[in-house]
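Let me begin by presenting the structure, written as structure tokens, before commenting on it.
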């Protein structure tokens, strides 16, 4: 659905050059909810804005629905943009127009007949559960309601893709969850491809089936959300998953392992098996279960006093039983 | 009382006429000018720094000239357009010339207040520049524009009174000819009171309209 090839973006201000994106390659399939996560300044905002050319890429190609947007002239670009919906962190609604008029706005741009506008807008109002607020002005809405209007407006032209630029960053956790559920719902119902950029791992965990971690304008890691969560490779990914920060320093002695149990491995009593088989004592430092799109991943941090050879054997044993192991301290 | 009304009414009507016609043309010319000043900025929808700079300089130059000097300075131009350099009609030309750049700046600052994100949202929906101007920039800044128009009207009222000094009509002329040249202070005071009342009415009406339009 979206194909990004060798995309680079360099900002030039006077003599200063700031490289925001370096040679990015991404493929987003139809029906994906694709998350792009990064710290501020990682280039994620530039990346999503290059997709509909709100920012002009310095080089590279962006294909949406097989159309290369980079080669389009103004008029064709405007036409292509109508099939790429976008929602924003600050909602960006028109203050001078009611909720109804805001949602009707993209339809009015293409001179849709009033009757069809009315039908479509009412339908969208129902979809985002705001039928009772149709004739209210945005200033009277809560943040979550404003974003619902933003979503309805973005869907008015029946887009193929929905771009979400930090769409939940201005909302509280509960409202964030509601908005994410709405996005998921839309994704299911309309088979709409959604691209989400965020700095919150919770957002990715909640809805994204794939994720790319962006750092310093590069993609540090990319893959299915479950894989990334159960075995993060990159330090920045670990930072987001927040697994190496929880342990007090005084606990990190001996050998410390980090284990991730996915569905295949959670049914066996592996810890008690290794204590018996290897005749060692295991100290559990922390444990939790995370749900990634309703799929459970068990996380366990354990500590033990063994030598390197035994450690290798233990790791092998775990991996044979489909537990992903990461050595925190050896 | 009757003689007061007889004395003041024609001048008041002249003033209202001058102000109305001048403001009408000021909006007609200043509004597009102000819009162009915003949208041709480097970071806006139709960047054209060359046009932007030229317009900006022209506006600054016109605004630097004191109104009373401008009136004398452009007399040949005024004669060319309305055929005379004295009276109500003749004042309208310099009034428009002096207030249009002022109003253009007012429009510019009103439109600049609009959050760029809203414009960006319209761009992301495939809006053309004309659609952005008509459906985003103008409606979103309407409340602020109404206040700007109010200020402009009061400005024009002040300038029109000044025009009395060089033979323009209206309340300013009445105040100068009776109050200054003929030492009838009471006429001067009456015109000043009338002007105060006018300004109050204009300002409070403007405030009211702006308040009704404002949905923020």
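Any chance you could run the full-extension gain for residue B:53 through residue B:65? It's 0.36 nm times the residue separation minus the Cα-Cα distance, nm to one decimal.
So the extension gain works out to 2.4 nm.
I need the calculated FRET efficiency for the pair residue A:65 and residue B:16, taking r as the beta carbon distance and R₀ as 51 Å, to the nearest 0.05.
About 0.25, to the nearest 0.05.
Could you work out which residue, out of B:55, B:134, B:13, moves most in a Gaussian network model of chain B, that is, has the largest mean-square fluctuation with Cα springs under 10 Å?
Evaluated over chain B, the most mobile residue of the options is B:134.
Can you tell me which of A:85-91, B:172-178, B:41-47 comes out highest on packing, and rank the rest after it, using the mean Cβ neighbours within 10 Å?
Sorting A:85-91, B:172-178, B:41-47 by mean packing, highest first, produces A:85-91, B:172-178, B:41-47.
How far apart, in nanometres, would the label points at residue A:10 and residue A:116 be if each is projected 7 angstrom from Cα along the Cα-to-Cβ direction?
4.5 nm
Counting only C-alpha contacts under 8 Å and six or more residues apart, can you give the relative contact order of region A:143-258 as a whole percent?
18 percent
Mark the label point 7 Å from the Cα of residue A:252 along Cα→Cβ and return the residues of region A:203-237 whose backbone N is within less than 19 Å of it.
Residues passing the 19 Å test: A:231-237.
Build a GNM of chain A with springs between Cα atoms under 10 Å: which of A:285, A:21, A:162 gets the top mean-square fluctuation?
Among A:285, A:21, A:162, the largest mean-square fluctuation in the Gaussian network model of chain A belongs to A:285.
Which order, highest average first, do A:134-145, B:110-121 follow once you tally other Cβ atoms within 10 Å for each residue and take the mean per peptide?
Highest mean packing first, the order is B:110-121, A:134-145.
Which shape class, rounded, prolate or oblate, goes with region A:136-206 when its Cα gyration tensor gives a ≥ b ≥ c as root eigenvalues, a/c under 1.5 marks rounded, and past that a/b bigger than b/c marks prolate?
oblate
Taking a ≥ b ≥ c as the square roots of the eigenvalues of the Cα gyration tensor of region A:177-330, is the shape rounded (a/c under 1.5), prolate (a/b larger than b/c) or oblate?
In terms of gyration-tensor shape, prolate.
Could you work out the per residue convex hull volume over the alpha carbons of the protein assembly as shown, in cubic angstrom?
Residue-normalised Cα hull volume stands at 218 Å³.
Pop the C-beta distance of residue B:128 and residue A:40 into the FRET formula with R0 = 25 Å and round what comes out to the nearest 0.05.
0.15
Helix A:99-109 sits at what angle to the longest principal axis of chain A, using alpha carbons and giving 0 to 90 degrees rounded to 10?
That helix lies at roughly 70 degrees to the long axis.
Please work out whether region A:244-329 counts as rounded, prolate or oblate from its C-alpha gyration tensor, where a ≥ b ≥ c are the square roots of the eigenvalues and a/c under 1.5 means rounded, while otherwise a/b larger than b/c means prolate and anything else oblate?
It is oblate, given that a/c is not under 1.5 and a/b is not larger than b/c.
Can you compute the label reach from residue A:58? Point 7 Å from Cα along the Cβ direction, backbone N cut-off under 17 Å, restricted to region A:30-45.
Only A:41-45 pass the distance filter.
Could you work out the pair-distance distribution P(r) of region A:2-239 from its alpha-carbon pairs, with 5 angstrom bin width and percents rounded to whole numbers?
1, 6, 14, 18, 19, 16, 12, 8, 4, 1, 0
May I ask what percent, to the nearest 5, of DSSP beta bridges between residues of chain A are antiparallel?
In chain A, approximately 70 percent of DSSP beta bridges are antiparallel ones.
Please report how far the C-alpha centroid of region B:170-216 lies from that of region A:243-311, rounded to the nearest whole angstrom.
What the calculation gives is 84 Å, centre to centre.
Taking each residue in B:127-137, count the Cβ atoms of any other chain within 10 Å of its Cβ, then average. What number comes out?
3
On a 0 to 90° scale, report how tilted helix A:114-127 is relative to the longest principal axis of chain A, with both axes built from alpha carbons and the result rounded to the nearest 10.
Tilt of helix A:114-127: around 20 degrees.
Just grab the label-to-label distance for residue B:82 and residue A:316, each label 7 Å out from Cα along the Cβ direction, in nm (one decimal).
Between residue B:82 and residue A:316, the simple spin-label model gives 10.2 nm.
Taking Cα centroids, how far is region B:43-111 from region A:1-76 in Å?
So the two Cα centres are separated by 44 Å.
Just want to confirm a number: the relative contact order over chain A, from Cα pairs under 8 angstrom separated by 6+ residues, in percent.
That works out to 18 percent.
Using Stokes-Einstein with the Kirkwood hydrodynamic radius over Cα pairs, what translational diffusion coefficient do you get for region B:2-213 at 25 °C and a viscosity of 0.890 mPa s, in µm²/s rounded to a whole number?
Stokes-Einstein gives a translational diffusion coefficient of 131 µm²/s.
What is the spin-label model distance, in nm, from residue A:3 to residue B:213 if the labels are put 7 Å beyond Cα along the C-beta direction?
4.9 nm
Pairs of alpha-carbon atoms within less than 8 angstrom and 6+ residues apart define the contacts here; what relative contact order does chain B have, in percent?
25 percent
For A:77-90, what's the mean count of beta carbons from other chains sitting within 10 Å of each residue's beta carbon?
3
Quick one: P(r) of region B:1-120 from all Cα-Cα pairs, 10 Å bins, percents rounded to integers, in order of increasing distance.
Per 10 Å bin, starting at 0, the Cα pair percentages come out as 13, 33, 28, 16, 7, 2, 0.
So how tilted is helix B:2-39 from the main axis of chain B? Cα-based, degrees 0 to 90, rounded to 10.
Roughly 20 degrees between the two axes.
Taking R0 as 56 Å, what FRET efficiency do you get between residue A:169 and residue B:189 from their Cβ-Cβ distance, rounded to the nearest 0.05?
Approximately 0.35, to the nearest 0.05.
What number do you get for region B:103-156 when its Cα radius of gyration is normalised by 2.2 N^0.38 Å, N = residues?
So the Cα radius of gyration is 1.24 times the expected 2.2 N^0.38 Å.
Please give the average number of partner chain Cβ atoms lying within 10 Å of the Cβ of each residue in A:93-103, rounded to a whole number.
For this peptide, the per-residue mean of nearby foreign Cβ atoms is 4.
Every number here is computed from the coordinates shown, using simple stated rules; none is lab data. Here the structure is a predicted model, which is why all the values come from computation and not from measurement. Every residue, glycine among them, receives a Cβ derived from its backbone with ideal geometry; neighbour counts consider all protein chains shown.
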